[in-house]
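Report on the following structure.
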Amino acid sequence: MADTIAEQVVQAAQGAYAALPKHGKPIVRDNGVAEWTILAAIVLVRPDREPHLVSLGTGVKVLPAARLPPLGDTVHDCHAEVLARRGFLRWLVAEAVRVQRGEASEWLVWREDKFGLAPGVEVFLYVSALPCGDASTLHTAAHQPADAAEAFKNEAARRAASEQDTPPVPTEVVRGRNGYENYGAIRTKPGRPDSPPSISFSCSDKIATWTVLGLQGALLARLFEPVYLDHIVIGGVEVPEGQREDEWHATVVAEAERALWRRVEGIGALPPPYRLTQPRLHLTPRRFALSREAALASGASDPSTSTVSLSHVPVLGKPEVIINGCAQGSGWKAPGKVLLKDKQRSRVCKMEVLRAFVGLSAEAELADETYFSLKHANTAYQEAKAALRGVPAERLNADWAKRLPHEFEVTSAASGATAPPFTGWIPTGPRYESFTSRGVLAAL
């Protein structure tokens, strides 16, 4: 039954995307090169009702660290999963406003002092390809030239021989796809080593974070209970030559489970209401029409990633096309101390999420609080995050860090605490989160 619902979720996501205008979708360029992208969607399901898509995103781009916006007015990470989740934040606030006005909601209720999902509602994340980072390492290696695939196979055999169900996780962040031997490592985007470095972590790492902290994030945790994924549906799994389909699918599911929640099982005690969740994994055979696999199957010899991203939150109106982290047509400017105009900002950037949250809270004084201070006001959330990642404690010393615009800190275990599964995380920090909903940049 669950797999039937999972396929309905896939159909809902792909159908909603297909119904959108062509603007912002992959094209065949003038030189004949076909573009492709990744689609992700968050869909709500409850008994006896059609799946309800609340947010979708497409994209494979991330801005380098040099373009991090001090005022939160540019979307740094435009991978599909991240855009779908950021759109979900806007949906949560919009639906809460309806509940606040006394309107009936099938999805959200008010419980004592916070909003939460209504009883019986399940949350699905659909992704048209394995999430970048740890969840896709095996699949990527298996479809690489023989020497790379063999190297990963040997490493997998070595791990199996060690008889460890959960191998030790590296304690340093790995850049992109460097080193298949760095099994379980947290990784930054983008995958290509010749790209300008970012401090944005892989989608595998971010989804694993959501299994502990929830989709709602630190800011919305002030007014929302944790919202956890119940199911993750993944497409785009290709069977390597010489492999049996059933065995390969079982291997991919096991790898995805390991990457998306099993590698954080060693987390220390979590403060209520936070907990480690284990969303059920599903593979779908339904191919996304604008995926890389679809482009290759149609005869494209060397398809290229689309340069644009797309965010669609139906309750907010028309879909939004995003280029370089800004709404298409606005043009990009270097991050600075002057807020981008309203029409230039994406609806899912930090500034717009903050403004929506402040509008919902009805606490006038919050308009003068910074994004950073509001996020860190929730003690339980910050304790749970410290158990997962640690606390900022030392300088990033990796060789590639020399190409970053300035020094960044990385996390390590707090004094006397259990070693966090994701130690070595690079937090954005107050340098990029000390802005208010009025567009004022607070002094550091």
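The values are calculated or read from the model by the stated rules, or taken from the named source; none is laboratory data. This is a predicted model, so every value here is computed, not measured. Here the Cβ is made from the backbone with ideal geometry for all residues, glycine too, and neighbour counts use every protein chain on show.
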Restricting the stretch 96-119 to residues that are in a helix (DSSP H, G or I) and not hydrophobic (A, V, I, L, M, F, W, C), the residue that is surrounded by the fewest Cβ atoms within 10 Å (Cβ to Cβ): Q100
Enumeration of residues in the stretch 1-20 that are part of a loop (DSSP other than H, G, I, E, B) and free of Cβ contacts under 8 Å to residues at least 40 places away in the same chain: M1, A19
Residue that is farthest from the chain's Cα centre (by Cα), among those in the stretch 69-84 that are closer than 15 Å to E320 by Cα and of a type in the set (A, V, I, L, M, F, W, C): V75
Within the stretch 395-444, considering residues that are without any contact (Cβ under 8 Å) to a residue 40 or more places away in the chain, among the charged types (D, E, K, R) and outside any loop (DSSP other than H, G, I, E, B), the one surrounded by the most Cβ atoms within 10 Å (Cβ to Cβ): E409
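Just checking, which of A300, A259 is hydrophobic (A, V, I, L, M, F, W, C) and either farther than 30 Å from T418 by Cα or touching a Phe, Trp or Tyr at 6+ places or on another chain (Cβ under 9 Å) (or both)?
Matching residue, one of A300, A259: A300.
Looking only at residues that are hydrophobic (A, V, I, L, M, F, W, C), part of a helix (DSSP H, G or I) and over 20 Å from the mean Cα position of the chain (by Cα) in the stretch 364-394, which one is farthest from L71 (Cα to Cα)? If you could, list the steps in order and put the result at the bottom.
Taking the stretch 364-394 and keeping what is hydrophobic (A, V, I, L, M, F, W, C), we get 364, 366-367, 372, 374, 377, 380, 384, 386-388, 391, 393.
If we keep only those that are part of a helix (DSSP H, G or I) too, we end up with 364, 366-367, 372, 374, 380, 384, 386-388.
Then keep just the ones that are over 20 Å from the mean Cα position of the chain (by Cα); that gives 364, 366-367, 374, 380.
Details: A364: 20, L366: 16, A367: 14, L374: 15, A380: 26 Å.
The selected residue is A380.
Please state which one of V239, V233 is of a type outside the set (D, E), without any contact (Cβ under 8 Å) to a residue 40 or more places away in the chain and touching a helix residue (DSSP H, G or I) at 6+ places or on another chain (Cβ under 6 Å).
On the way: V233 fails: without any contact (Cβ under 8 Å) to a residue 40 or more places away in the chain.
The match here is V239.
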Residue within the stretch 2-9 that is in contact with a Leu (Cβ under 7 Å, 6 or more places away or on another chain) and buried (at least 21 other Cβ atoms within 10 Å of the Cβ) present: no
Test for H23: is it touching a residue at least 24 places away in the same chain (Cβ under 8 Å) and surrounded by fewer than 17 Cβ atoms within 10 Å (Cβ to Cβ): yes
Some residue of the stretch 52-61 being touching a residue at least 40 places away in the same chain (Cβ under 8 Å), of a type in the set (S, T, N, Q) and in a loop (DSSP other than H, G, I, E, B): no
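If you take the residues of the stretch 410-441 that are hydrophobic (A, V, I, L, M, F, W, C) and under 16 Å from R263 (Cβ atoms), which of them is modelled with the lowest pLDDT?
Here is the first cut: in the stretch 410-441, the ones hydrophobic (A, V, I, L, M, F, W, C) are 410, 413-414, 417, 419, 422, 425-426, 435, 440-441.
With the extra rule that they be under 16 Å from R263 (Cβ atoms), the set shrinks to 419, 422, 425.
On the way: A419: 86, F422: 96, W425: 96.
Among those residues, the one meeting the criterion is A419.
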Residue among V93, V82, V75, V43 that alone is part of a loop (DSSP other than H, G, I, E, B) and in contact with a helix residue (DSSP H, G or I) (Cβ under 8 Å, 6 or more places away or on another chain): V75
Helices (runs of 4 or more DSSP H) enclosed by the stretch 143-238 - at least 1 residues per element that are modelled with pLDDT of 65 or more and either under 24 Å from the mean Cα position of the chain (by Cα) or buried (at least 22 other Cβ atoms within 10 Å of the Cβ) (or both): 203-213, 217-220
